[in-house]
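The values are calculated or read from the model by the stated rules, or taken from the named source; none is laboratory data. Source: prediction; values computed, not measured. Every residue, glycine as well, gets a Cβ built from its backbone with ideal geometry; the counts of neighbours run over all protein chains shown. Ligands, DNA and RNA are excluded from the accessible area calculation, which covers all protein heavy atoms including side chains. Shrake-Rupley method; radii C 1.70, N 1.55, O 1.52, S 1.80 Å.
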Amino acid sequence: MTRGGTSGDYPELLDLAQRRAVEWLTGMPERPIPAAASIPEVIEALGPHLPDEPQDPRDVVARLVEAVEPGLLASQSPRFYGWVIGGTYPVSLAADWLVGAWDQNAAMRTPMPGTAAVEELAADWLLDLLGLPAGAGVGFVTGATMANFVGLGAGRDRLLARAGWDAATLGLSGGPRVRWVAGAERHASVDIAARYLGLGAAELVPADEQGRIDVGALAAALDGGPTIVCLQAGNLHSGAFDDMAGAIAVAHAAGAWVHVDGAFGLWAAASPSLAHLTSGYAAADSWATDAHKTLNTPYDCGLAIVADQAAARASFGSSAAYLPAAATGHDPHEHVPEMSRRARGVPVWAVLATLGRSGVAALVDGLHASAVDLATQLAALPGIEVVNDVVYTQVCIALPDDDETTALAARIRDDGVAYAYPSRWRDRAVVRFSVSNFQTDTAAVTATVDAVRRALAGDDGR
């Protein structure tokens with residue numbers, strides 16, 4: 001093997017990477033979840049100084065694995081609940097490896113028809129599965145923040161155009177103000193996206209005890225001026241869904257653009273037993289979700305959906321003489337901020353093709369059932385209160401004292417078997433469990449409850 005490697009080195013290096021990756025994945029169920037090494041320790045193991053001479057790539061790959069794995073969080077564990085991070089279906093990982101090997105810039109349609117075809121099919125299937133308008137535009141972005149960015153950006157520019165202001169030509173300075181209104185318990189990713197877009201801070205509308213927007217207060221807050229209303233499909237703490245039908249009706253009556261942040265909750269629409277949570281949401285103007293959350297594809301894969309494709313293209317479309325324009329249809333980069341990206345839609349297609357409609361429904365139903373099971377068993381432990389209505393995949397627990405609750409979360413993590421994270425909701429400390437992994441089954445729930453029981457007793461069980 002030559003220094004730096006040649007094309008002939010692919011088989012040996014990829015075989016080495018595959019073997020080590022399989023060891024990581026197959027050992028996941030028994031692996032302690034918290035990272036065991038710090039950043040300085042990982043840097044020291046990697047070698048902090050740039051080598052003067054080329055290194056044997058086999059040694060580089062081996063050193064990478066040995067140094068980094070102790071510093072990894074086992075977020076693919078079926079007992080990981082720290083944030084809304086899904087596991088990884090084997091077929092989606094296999095597809096993602098192929099995406100890396102193919103190394104296509106999926107932003108262009110004509111020169112890369114293979115990946116464009118897969119993504120277009122995946123987009124069509126997604127719209128059908130989620131009950132969204134068949135003609136909507138779908139963009140594959142990094143995550144929910146950028147998916148929200150696309151929806152809010154398309155809404156901002158469309159509202160300005162209605163007011164006679166061309167933001168693409170004139171910019172924002174001097175133009176009409178675009179308000180954006182959201183429930184008091186919206187997710188921070190919406191605030192970040194709005195900040196990037198120059199929209200400023202949200203005008204907040206009260207939410208009920210589960211975090212659902214108050215539709216009456218929303219109606220009172222709308223004055224008919226250029227306004228974006230942001231709704232939520234899946235509250236971060238409770239999993240609750242806004243009253244989509246009621247909120248969209250009052251927003252549209254006031255001429256507002258309606259965006260739905262459904263980072264993990266949009267997938268409820270794929271389940272016949274849970275679709276009522278999203279009832280009426282198809283009448284919105286844009287939606288955001290993540291495939292690497294509920295659908296269990298690898299990072300990164302956000303989905304930005306805009307009902308009126310022309311609105312997305314007006315905000316994000318671009319052209320250049322050296323770029324081949326799509327002979328038919330529209331280029332993928334016209335729906336997203338990126339001119340260059342990997343083919344994120346391929347792992348999405350692979351999961352949808354493998355699970356089918358009934359399999360996705362079973363996935364969503366299974367996550368919900370595990371959340372209900374977890375909540376039921378945790379509520380039976382001494383001193384534990386489940387503080388939310390478990391309507392979807394989120395479970396929040398608390399002890400009577402805030403400090404005890406925070407300490408409980410730390411002991412659960414130190415135990416290593418399960419991983420939940422402390423938060424603050426409704427003015428009290430909580431421990432939040434986000435059930436997002438397709439492998440979180442009855443056994444995983446039982447092991448999690450046992451870990452919480454040990455944490456309550458102050459026993460790490462090891």
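The table below lists the values:
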{"quantity": "Candidate set from the stretch 125-141 (those that are hydrophobic (A, V, I, L, M, F, W, C) and part of a loop (DSSP other than H, G, I, E, B)); member that is farthest from Ala74 (Cα to Cα)", "calculated": "Ala134"}
{"quantity": "Single match in Ala353, Ala288, Ala304, Ala312 (criterion: surrounded by 18 or more Cβ atoms within 10 Å (Cβ to Cβ) and part of a helix (DSSP H, G or I))", "calculated": "Ala312"}
{"quantity": "Test result for Leu152, in a helix (DSSP H, G or I) and modelled with pLDDT of 95 or more", "calculated": "yes"}
{"quantity": "Residue within the stretch 403-411 that is in contact with a His (Cβ under 9 Å, 6 or more places away or on another chain) and farther than 13 Å from Tyr81 by Cα present", "calculated": "no"}
{"quantity": "Output for the stretch 144-202, where each listed residue is of a type in the set (S, T, N, Q) and either closer than 23 Å to Gly239 by Cα or in contact with a Leu (Cβ under 9 Å, 6 or more places away or on another chain) (or both)", "calculated": "Thr145, Asn148, Ser189"}
{"quantity": "Ala233 vs. criteria surrounded by 24 or more Cβ atoms within 10 Å (Cβ to Cβ), small (Gly, Ala, Ser), under 24 Å from Leu352 (Cβ atoms) and at pLDDT 95 or above", "calculated": "yes"}
{"quantity": "Matching option when the condition is modelled with pLDDT under 95 and hydrophobic (A, V, I, L, M, F, W, C), among Ala288, Ala311", "calculated": "Ala311"}
{"quantity": "Any hit, the stretch 334-355, residues being farther than 14 Å from Asn105 by Cβ, at pLDDT below 85 and of a type in the set (S, T, N, Q)", "calculated": "no"}
{"quantity": "Enumerated strands (runs of 3 or more DSSP E) restricted to the stretch 393-447, each holding at least 1 residues that are open to solvent by 30 Å² or more (accessible area, probe 1.4 Å)", "calculated": "421-425, 428-434"}
{"quantity": "Tabulated pairs, the stretch 161-186, first open to solvent by less than 70 Å² (accessible area, probe 1.4 Å), second assigned to a helix (DSSP H, G or I) and among the acidic types (Asp, Glu), C-beta under 6 angstrom, 6+ apart or interchain", "calculated": "Ala167/Asp157"}
{"quantity": "Subset of the stretch 39-63 (residues that are under 30 Å from Pro78 (Cβ atoms) and open to solvent by 50 Å² or more (accessible area, probe 1.4 Å))", "calculated": "Ile39, Glu41, Ala45, Leu46, Arg63"}
{"quantity": "Among residues of the stretch 99-124, those that are of a type in the set (A, V, I, L, M, F, W, C), in contact with a helix residue (DSSP H, G or I) (Cβ under 6 Å, 6 or more places away or on another chain) and either closer than 22 Å to Met244 by Cβ or not in a helix (DSSP H, G or I) (or both), counted", "calculated": "2"}
{"quantity": "Unmet requirement for Gly198, which otherwise passes all of (1) surrounded by fewer than 24 Cβ atoms within 10 Å (Cβ to Cβ); (2) closer than 30 Å to Leu352 by Cβ", "calculated": "(2)"}
{"quantity": "Residue list for the stretch 201-224, filter: assigned to a loop (DSSP other than H, G, I, E, B), at pLDDT 95 or above and open to solvent by 60 Å² or more (accessible area, probe 1.4 Å)", "calculated": "Ala201, Pro206, Glu209, Arg212, Asp214"}
